[in-house]
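In what follows, a single structure is set out as structure tokens and then discussed.
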Amino acid sequence: MLQSLKIKNYAIINSTEIEFGYGLNIVTGETGAGKSILLGALGLILGERSDSKSIKPGADKLIVEGSFNSSDTFINALLIENDLDVSNQLILRREINANGKSRAFVNDTPVGLQLLKEIGVQLIDIVSQHQTLQLYDQRIQFQLLDAYAGNLLLVQDYQQHFNQFKLHEKNLHTLKEKIAQAIQEESYLRYLIEEIEELRLLPNEEEQLESEITKLANAEQIQQMCSQGTDLIENGEYNVVDQLNKIVSTIQYASKGIDSLSQLANRIQSNIVDLKDISAELTAVGMDIVPNPQELELKEHRLGNILNLLKKHRVSNSIDLMEQLDAKKEALQAIDALNSQVAELELTLLKSKESCIQLANQLNSSRKTHLPQFEKEIEQLLAELSIPHAQFKIELTALESQQLSVFGLNKINYFFSANKGTTLAPINQVASGGEMSRLMLSLKALVAEKIALPSIVFDEIDTGISGEAALKVGVVMKKLAKQQQIIAITHLPQIAGKADNHYLVKKDQSAESVQTSIELLNKDQRVVEIARMISGENAGETILKAANELINNQ
């Protein structure tokens, strides 16, 4: 229940605090006095979008704060889930700076606007002339029927399963798109794999080929250099070995009795042995390297193929290319794995759909069971609201091929007729504004018995009706207010007379400024205000008496 509403620097309100009571709270005032400001302020603490233009000119900040008495388990669960304090008193506050920045608070803790909305929708239900248009919406029509039938937990369960089903459906669609794209790439992948595998690459093969090509390209020159080397070492007329042998002989002749010379001779002989080994190896190298133009051409061709492939795949060596080969093989394996994933997901989707259909059938059964009584009670309420020949029917139509929607396996339509002998038609085709208002009131009154909200706000929902019908609307509101708090903004004296608490919105205008205030009226003040609503200012004794009768006749 809304206990109090504090408003500061909102439009033409400086500062005001309104304390609301249980039962029927009526708000009246002249046109333009600022009744809509009250609704706008409520909207802010319920999470509606803010506008810095709403701030009173010259003020730095707009503040709206609502205090609620609530022990709702769902709200408490939301508070706990978001690490907020839980208590029987819940305070929602909204602050809007002149620069447009908005802040929201729950029990003095900053929160996001979405959480404020989630909490607010559990605290207050605002019904307006504009909202009657929502009756054309299937979502609203289903909500009302399911609330009456006591299906709210079943609907919640179904929608959770339906959301999971749609997620599986989306994942399957995404996977199939991925496979379709992969199939287009598969042939190219196989071509690249075959192209690389045909080469039968060895690690760093291009380096080895470059070395072999260098040898083959310079074979004759290498042979000539090897032959010259062996000649210089030991085969030529003045070869190094012969010269060193002469040096050894000379040193040995002179080394008698001189050990150091003998050691030098031995060292030279050791070098002679090494040089002969070198000469033998040069001979072997020269014999091993044989000019072979055909082999050179083959190796140059293979190296060219390898280098072209490295360039094509943007890698620097054969090792990286072989890693790419492995990656492409893994990509092919992944495509094969996708097909098995599709089979698994299709099975999951089928099971998910079966669960949804089972719950949807339960919903459909419950709806059909409660439909006749729901229709009957709405017609009875409409009769009480001066539409004695009203007919109200709900049509549930099965969707094709067990197609699932967020509402189940059916679509819904409300049919209405206000006059005797007229054909039922969809409500958007036959109901007038006043009839729609009374239909909405009847639906809210009936559903409220099933799922009572802490507070309902009726914003001039009585527009378009008068006389006896207005009186009966007041009676229904009064009856509804025995179950929960009702706040009604009205211009009809018949409804204002039913108030448990009557608030007057006044606009005070001076030469300097215009200000709006809201005050709770006592009985005498109520009589004057209701008399004004009946005939305008300066009402006579007869009108005052009529106003007094409206108050007393409850």
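The values are calculated or read from the model by the stated rules, or taken from the named source; none is laboratory data. Quick caveat: nothing in here was measured; it's all calculated off a predicted structure. Quick reminder, even Gly has a Cβ in these numbers, built from the backbone with ideal geometry, and neighbours come from all protein chains shown.
Residue by residue, here is whether (1) in a helix (DSSP H, G or I); (2) touching a residue at least 24 places away in the same chain (Cβ under 8 Å); (3) within 30 Å of HIS161 (Cα to Cα) holds:
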| site | (1), (2), (3) |
| --- | --- |
| ILE319 | yes, yes, no |
| GLN324 | yes, yes, no |
| ALA327 | yes, no, no |
| GLU330 | yes, no, no |
| SER340 | yes, no, yes |
| ALA343 | yes, no, yes |
| GLU346 | yes, yes, yes |
| SER355 | yes, yes, yes |
| GLN358 | yes, no, yes |
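Per-residue answers, yes or no, for (1) within 60 Å of the chain's Cα centre (by Cα); (2) in contact (Cβ under 8 Å) with a residue 24 or more places away in the chain:
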position	(1), (2)
GLY229	no, yes
GLU237	no, no
THR283	no, yes
LEU296	no, yes
HIS301	yes, no
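Return the total of residues in the stretch 502-526 being in contact (Cβ under 8 Å) with a residue 60 or more places away in the chain and either surrounded by 19 or more Cβ atoms within 10 Å (Cβ to Cβ) or touching a His at 6+ places or on another chain (Cβ under 9 Å) (or both).
Qualifying residue count for the region: 7.
Consider LYS276 carefully, then state whether it is of a type outside the set (Asp, Glu) and assigned to a loop (DSSP other than H, G, I, E, B). If you could, list the steps in order and put the result at the bottom.
Details: of a type outside the set (Asp, Glu): yes; assigned to a loop (DSSP other than H, G, I, E, B): no.
Against the criterion (of a type outside the set (Asp, Glu) and assigned to a loop (DSSP other than H, G, I, E, B)), LYS276 does not qualify.
Tell me yes or no: at least one residue of the stretch 440-461 is surrounded by fewer than 18 Cβ atoms within 10 Å (Cβ to Cβ) and of a type in the set (Ser, Thr, Tyr).
So far as the stretch 440-461 goes, no, none of its residues is surrounded by fewer than 18 Cβ atoms within 10 Å (Cβ to Cβ) and of a type in the set (Ser, Thr, Tyr).
Does any residue of the stretch 176-184 turn out to be of a type in the set (Asp, Glu), farther than 21 Å from SER316 by Cβ and either touching a residue at least 60 places away in the same chain (Cβ under 8 Å) or touching a Lys or Arg at 6+ places or on another chain (Cβ under 7 Å) (or both)?
Kept after step one, since they are of a type in the set (Asp, Glu), are these residues of the stretch 176-184: 177.
From the residues that got through so far, the ones that are farther than 21 Å from SER316 by Cβ too are 177.
Still in the list and also either touching a residue at least 60 places away in the same chain (Cβ under 8 Å) or touching a Lys or Arg at 6+ places or on another chain (Cβ under 7 Å) (or both): none.
Among the residues of the stretch 176-184, not one is of a type in the set (Asp, Glu), farther than 21 Å from SER316 by Cβ and either touching a residue at least 60 places away in the same chain (Cβ under 8 Å) or touching a Lys or Arg at 6+ places or on another chain (Cβ under 7 Å) (or both), which makes the answer no.
Let me confirm something: among ILE18, ILE91, which residue is under 23 Å from LYS482 (Cβ atoms) and either part of a strand (DSSP E or B) or in contact with a Lys or Arg (Cβ under 9 Å, 6 or more places away or on another chain) (or both)? Write out each step before concluding.
Values: ILE91 fails: under 23 Å from LYS482 (Cβ atoms).
ILE18 is the lone residue from the list that is under 23 Å from LYS482 (Cβ atoms) and either part of a strand (DSSP E or B) or in contact with a Lys or Arg (Cβ under 9 Å, 6 or more places away or on another chain) (or both).
I'd like the full set of residues that are surrounded by fewer than 15 Cβ atoms within 10 Å (Cβ to Cβ) and in contact (Cβ under 8 Å) with a residue 12 or more places away in the chain, limited to the stretch 360-369. Write out each step before concluding.
Start the filter on the stretch 360-369 by keeping residues that are surrounded by fewer than 15 Cβ atoms within 10 Å (Cβ to Cβ), which leaves 361, 365, 368-369.
Listed by number, the residues that qualify are ASN361, LYS368, THR369.
Starting from the stretch 201-226, keep only residues that are acidic (Asp, Glu), then list their pairs with residues that are part of a loop (DSSP other than H, G, I, E, B) whose Cβ atoms are within a distance under 6 Å, requiring at least 6 positions of separation or different chains.
GLU220/PRO291
Is at least one residue of the stretch 381-389 touching a strand residue (DSSP E or B) at 6+ places or on another chain (Cβ under 6 Å) and not assigned by TED's automatic domain parsing to the domain that holds GLY464?
First, the residues of the stretch 381-389 that are touching a strand residue (DSSP E or B) at 6+ places or on another chain (Cβ under 6 Å): none.
Within the stretch 381-389, not a single residue is touching a strand residue (DSSP E or B) at 6+ places or on another chain (Cβ under 6 Å) and not assigned by TED's automatic domain parsing to the domain that holds GLY464.
Is it the case, given these coordinates, that ARG532 is modelled with pLDDT of 90 or more and over 27 Å from SER67 (Cα atoms)? Step through it out loud before you land on a result.
On the way: modelled with pLDDT of 90 or more: yes; over 27 Å from SER67 (Cα atoms): yes.
So ARG532 fits the description; yes.
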